[in-house]
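*Asks:* Here it is, the structure in full.
Only the coordinates and a few stated rules stand behind these numbers; no lab work does. As the structure is a computational prediction, the values presented were derived from the model and not from experiment. Please note: Cβ atoms are built from the backbone with ideal geometry, for glycine as well, and neighbour counts cover all protein chains shown.
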Amino acid sequence: MNRVKETGPSPPGVPNEEALQRMETQELLQLYKETGDEQIKWTIVLRYTDLVKKIASQARGLFNNFAQLDDVINEGILVLSTAVEKFDFSKGTKFETYISKRLRGMIIDMARKQDWVPRQVRQNAVRLKRATEELAEKLGYTPSSREIAEYLGIELKEYENLRADTAVSNLLSFEVLLDNYGSSGVGNEPIQPQGAESLPEEACMEKELYQMLAKGISELRENEQIVLSLYYEKELSMKEIAQVLGVSAPRVSQIHSSAIQHLRSFMEKYIEQ
């Protein structure tokens, strides 16, 4: 973890360290905006280092092949520091939501830049995506894993292994899809509530995007909706979700991958209209 620069006596108008620790985060943010004092900023940063560790651990599958967890956490601390400087609490967004999006965006950007997903994994991801779309069009509903496996002419276990292997590729392509469409909050600049300076058409487009995303989620299987809710809203790890559902962690990863794949197909059809 980055070392915090040692500070001397608090400057005029800035409470001492003990007083800072007792203040609410909102108060600290307000005071930092007024003073720009480094001690206040790092008081906020240190308060959220556990969140950095949690998000980095959750997303370990995105960077295991090219980065160590400690390195990602250290990078996350820098992102958190910058987030404190740029956060505008007057827009009504919760600070925790703001920094969570920035941290996840940082990890996704790292994975994009590395371009480390093997070619075979990419090819398998395309193969599964095409099979799912073709079968869905033929059946008129979202096919089950067993139906897709039969359509591909492979065993269910082999299909589930393929889907687990392509989970990261599916997630990144889904994030890129939303990112390219508009302000999806998956990059380093998270969504803020629309203000008076925002263009009406941009606000309308963003609202429509999220309405369609919600519709897509509502059409997922119940277990897929539960996994997405626990992972993205409750911020549980795959292992924690497995304990909640009473299944294995690999099974949770498969469900998550399937949900992302179905959502991606749904959103692609919507965006291409």
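*Asks:* Which of the pairs Lys54/Lys113; Lys157/Lys239; Lys33/Lys234; Lys157/Lys269 have their Cα atoms more than 27 Å apart in this structure? Intermediate values should be presented prior to the final figure.
*Replies:* Working: Lys54/Lys113 22 Å; Lys157/Lys239 21 Å; Lys33/Lys234 30 Å; Lys157/Lys269 29 Å.
In this structure, Lys33/Lys234; Lys157/Lys269 exceed 27 Å between Cα atoms.
*Asks:* Once fully extended, how much extra length lies between Arg127 and Tyr151, figured as 0.36 nm per residue of separation less the alpha-carbon to alpha-carbon distance?
*Replies:* Numbers: separation 24, 0.36 × 24 = 8.64 nm, distance 1.15 nm.
In short, 7.5 nm is gained.
*Asks:* A further question follows. As a footprinting exposure proxy, order Ser218, Ser253 by other Cβ within 10 Å, with the fewest listed first.
*Replies:* Starting with the residue having the fewest Cβ neighbours, the order is Ser218, Ser253.
*Asks:* While we're looking at this one, here's another question. Could you calculate the contour length gain from Lys138 to Gln211, that is, 0.36 nm times the residue separation minus the distance between their Cα atoms, to one decimal place in nm? Mind dumping the intermediate values first?
*Replies:* Working: separation 73, 0.36 × 73 = 26.28 nm, distance 2.62 nm.
Extra length from Lys138 to Gln211 when fully extended: 23.7 nm.
*Asks:* Can you sort Val52, Val14 by how many other beta carbons sit within 10 Å, fewest first?
*Replies:* Details: Val52 24, Val14 18.
Fewest to most other Cβ atoms nearby, the residues stand as Val14, Val52.
*Asks:* Among Leu156, Leu28, which comes first, then next, by fewest other beta-carbon atoms within 10 Å? All intermediate terms of the calculation are to be shown ahead of the outcome.
*Replies:* On the way: Leu156 14, Leu28 20.
Neighbour counts put them in this order, fewest first: Leu156, Leu28.
*Asks:* Taking the Cα centre of segment 17-114 as origin and charging only Cβ (+1 Lys, Arg; -1 Asp, Glu), how large is the dipole, in debye to the nearest 20?
*Replies:* Using Cβ point charges on Lys, Arg, Asp and Glu, segment 17-114 gives about 620 debye.
*Asks:* Roughly what would the spin-label model give for Glu18 and Leu245, points 7 Å off Cα along C-beta, in nm?
*Replies:* A separation of 5.0 nm, rounded to one decimal place.
*Asks:* Continuing with this model, one more query. Could you pull out every residue, at least 5 positions away or on a different chain, whose amide H is within less than 5 Å of the one on Leu236? Hs are placed 1.01 Å off N in the peptide plane, and Pro or chain starts have none.
*Replies:* Excluding prolines and chain starts, which carry no amide H, the hits are Tyr231.
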